[in-house]
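Structure first, then comments.
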Amino acid sequence: MESRLTDLEVKVAFQEDLLETLNLTVARQQRQIELLQEQVQALYQQMPAGTSVTADGQPVQEIPPHY
């Protein structure tokens, strides 16, 4: 019985460590997402007024004048 209790305690300790690691990873990824959103917003603000975008948010590629 004692060894089973020890095994459970070890498993809980590993799970707590894994949970903390996953929590830190999710928090870091959330910060990265927020930074990327800010960068995309800044890029959109730099686009000239009247620039057309496609349904997926990409700028429409204009055909060069020599075509």
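Out of E9, E20, E16, one residue alone is open to solvent by less than 100 Å² (accessible area, probe 1.4 Å) and either at pLDDT 95 or above or touching a Ser or Thr at 6+ places or on another chain (Cβ under 9 Å) (or both). It is E20. Note on segment 34-51: among residues that are farther than 26 Å from I63 by Cβ and open to solvent by 80 Å² or more (accessible area, probe 1.4 Å), the one that is modelled with the lowest pLDDT is Q41.
The values are calculated or read from the model by the stated rules, or taken from the named source; none is laboratory data. All values reported here derive from a predicted model rather than from experimental measurement. Neighbour counts run over all protein chains shown; Cβ positions are idealised from the backbone, glycine included. The accessibility values were calculated without ligands, DNA or RNA, using every heavy atom of the protein model including side chains. Shrake-Rupley method; radii C 1.70, N 1.55, O 1.52, S 1.80 Å.
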